[in-house]
Structures are given as structure tokens and as C-alpha cells.
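Data first, discussion second: the structure below is written as C-alpha cells.
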Amino acid sequence: MSEPKIIEIETLSPDDPFLFTQTPPPEKQSIYELLEDEIMKSDLPDSEKTKKLSRLLKNREKKVNLMITGATGAGKSSTVNAMFHMEVAKIGVGADPETAELSRYELDNLTIWDTPGLGDGAAKDEKITRSIIRKLNEADEHCDPLIDMVLVVLDASTKDLGTSYSLINNVLIPCLGKKAAAERIIVALNQSDIAMKGAHWNAEKNEPDEVLSAFLDEKAESVRRRIRESTGLDLRPVCYCAGYKEAGKSQRNPYNLTRLFYCIIRSIPKDKRLVLADNINDDADNWMYDDKESDYRKETENEFFDTVWDCIADSADTGSEIGGEILGIPGKIAGGIIGGIAGAVRGIFSAVFGTI
Ligand SMILES: Nc1nc2c(ncn2[C@@H]2O[C@H](COP(=O)(O)OP(=O)(O)O)[C@@H](O)[C@H]2O)c(=O)[nH]1
Ligand SMILES: [Mg+2]
């Protein structure tokens, strides 16, 4: 399993002084390498291969920055650990966040900004809020917003969500503006398993029974209403369970992590999504249980296939895709490579998700 390459406490100073790197363990083959292989293996003319490889290389430079925020103990670290190939610090015990500044975790081109929880005192809250606002206003080297999306983790098992509402309604949405907020904020209700104090959770199937499902729907609806009434923005929360694995104790697998991951990839710019494919946690148990409202694993795979196609195809290929005859030879070009690419994407996800 890969480990985060860089772990650092964000100092919010402009010149990032504390960068240190660990030697990464041997890598599994990345999606970029698989795609490179497919392009090389294809019967495309050499000039086409070169064009496609160049596009792929450009795409490989993309970076994704996710911010994860919410109250202390909501399950932010657990969520990141379950979803990605990184062990994010310790899973918190106790209520005291170590620092009032943001922590940064990096794995390849994926950076996660973890904010300490709010609600541990007004002075601390103000400091954290200011750090969040500054980070959300930061631009990357292309003058695009640095933070691609914000995941707000709420604890479904608590009645007191006041601090989280205040964070969403008074900080995140006003800071991003309504349009960007609609696209880039995901509200997620974690700890669905213990939302009714542990009752109505079917441990064998690792899913809520009907009573708990209805309770969670109502909880999600009430969160949605609170945000809409205050900001006019309609965000539909995802109920899930990050699960836990503690040595010597019973283990609980994640639930609906597939749905959450699917929402996350859809919320980040299309040309950056491959970064996530490369860093997804490949423990199949983490992706086995969900509400089956949709086939999230299949949809995720499709989403990535579209992304890959967009990233290496050019206008001639696209023309051939729709027109077929219009461009003649490019039609063949598209056909000659599309199967290999679909296979590579499917291969990655069957390995990660276990089946498909
Ligand atoms: N029952 C249950 N416990 C969870 C879940 N997610 C996290 N936890 C537990 O909640 C506690 C706080 O989690 P942590 O990830 O450190 O929260 P953070 O402070 O938001 O980073 C830990 O003891 C976790 O094991 C979940 O989905 N279900
Ligand atoms: Mg944490």
C-alpha cells in the first residue's frame, strides 16, 4: 500500500517552508502507464500515437486539491483513509485538534487539506475559519481556484449540527459564491451505522434496515432544508459510513463510499479526474456496500472512460465518433483504440472494486 509522500502542517505562509518527502514504496501500475501501453500497442499511425501520448502527458501534470472539513470526530480522517490510498494521520481519539491550522496530505498529484473541527472555542473557530477562507480564495498557477472541491463531513449520529450549518451557510457558500458552491461542495452524513445509537443497522449485510434508512433520508432532507432556507442553495447530502478498522476490535466496512466517491469525481473538473483514479483505495471491501439506488461502480467507470477519451481524443476523433463517414480515416483511428482504452479503465476498476 502506498503511503502519503508528504505530510505537512500548512503554515499559510507563501513559501511553504516545511516540505519533506518520504521514499515512496514500489508503485502499482498507474492508469497513465496502462493508457500509454494501449496507445503504443494500437495500430494508430505513429504521428497519431505521438499526439495522443503528448495529450496524456499533459494530463498527467494535473493536480487535484480537495478540502475536507466538518466537526472534530465527524470522521474526516476515517473518510480519507477509506477512500484513498493514504493513511491520514491518526484517526482521532479525544476532542482536541492538534492545531488550528490546516493539515496537508499529498499523494502523487492529489492533495488533501484537512481542517481541524470547529466548535472547540470561539477564538480557535475564528482562526480556523480564516484559514479556510484564505485557502478557498487561493488560486493555482493557472489562476483557477486551488481547491477543486470541498467535502463537508457531518456526523449523522449527533443532533447538534449547528456548528456545521454555520460553516456551510456562513462560510463555505458565501466564500465560493452560489454557483461554484453548487458544483463544488458535497455535504456528507457519516456514521450512518450509529445514527440511531446503533439500532437498525444490519451488521451482516452492512447496511441500514428500513427504519434506519427512513431515518437517514429524513435527516438528509432536514440538512438539505436548513441549507436551502438559509442560502437558497439545494445540496443533497449523501448518507454513508466511513467504517473503522481498529486492531483487536470488530471491524466495520464502509457503506455508500461508492456513492460518495462518484459524487466527488463528478464535482471536480473533468480533465483532472484521472488523478483520483490513480489514488483510490484498492481494498475491495471498502467499495462493496451501498444503497444500490444506482450502479455507482459502473457509473464511476463510465465517468472515467469519458474522461480518458476526452483527454486523449482530438477534434478529428470526436468528429469521427459522431459522423463516422465524415472523416473517414479518423473514424478508423477512433475505433482502433477505443476498445483498448475501455479495457484499461475497466481493468483498473475491476481490480479496485473487486468485481464488475
Ligand atoms: N461507527 C462509526 N464510527 C466511525 C465512522 N467513521 C469514523 N468513526 C469513528 O469516529 C471517530 C472519529 O473519527 P475521525 O476520522 O478521527 O474524525 P475526524 O476528527 O473528523 O478526523 C473514530 O473513533 C472513528 O473510528 C463510521 O462511519 N461509523
Ligand atoms: Mg482527523
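The values are calculated or read from the model by the stated rules, or taken from the named source; none is laboratory data. Given the structure is predicted, the values throughout are model-derived calculations rather than measurements. Note that we place each Cβ from the backbone using ideal geometry, even for glycine, and neighbour counts take in every protein chain shown.
One table, with the values for the structure above:
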| quantity | calculated |
| --- | --- |
| Residue in region 213-223 that is more than 24 Å from the chain's Cα centre (by Cα), buried (at least 17 other Cβ atoms within 10 Å of the Cβ) and in contact (Cβ under 8 Å) with a residue 12 or more places away in the chain present | yes |
| Single residue of region 103-135 satisfying the filter (part of a loop (DSSP other than H, G, I, E, B) and away from ligand 1 (no atom under 13 Å from the Cβ)) that is modelled with the highest pLDDT | Asn109 |
| Check on Arg236, away from ligand 2 (no atom under 16 Å from the Cβ), touching a Phe, Trp or Tyr at 6+ places or on another chain (Cβ under 6 Å), farther than 20 Å from Met288 by Cβ and of a type in the set (Lys, Arg) | no |
| Any chance Asn137 is under 30 Å from Asn59 (Cβ atoms) and touching a Cys at 6+ places or on another chain (Cβ under 9 Å) | yes |
| Per-region count, region 247-268, residues in contact (Cβ under 8 Å) with a residue 12 or more places away in the chain and farther than 21 Å from Asp278 by Cβ | 4 |
| Close pairs (6 angstrom Cβ cut-off, 6 or more residues apart or separate chains): assigned by TED's automatic domain parsing to the domain that holds Asn169 in region 130-158, among the charged types (D, E, K, R) anywhere | Ser131/Glu101; Leu146/Glu138; Leu146/Asp140; Met149/Arg184; Val153/Lys76; Ala156/Lys219 |
| Subset of region 260-293 (residues that are surrounded by 22 or more Cβ atoms within 10 Å (Cβ to Cβ) and basic (Lys, Arg)) | Arg273 |
| Some residue of region 231-253 being more than 30 Å from Asn59 (Cα to Cα) and assigned to a helix (DSSP H, G or I) | yes |
| Helices (runs of 4 or more DSSP H) wholly inside region 11-97 that include at least 1 residues being modelled with pLDDT of 85 or more and within 16 Å of ligand 1 (Cβ to nearest atom) | 76-83 |
| Only listed residue being modelled with pLDDT of 95 or more, outside the structural domain of Val345 (by TED's automatic domain parsing), under 16 Å from Val80 (Cα atoms) and small (Gly, Ala, Ser), chosen from Ala277, Ala242, Ala199 | Ala242 |
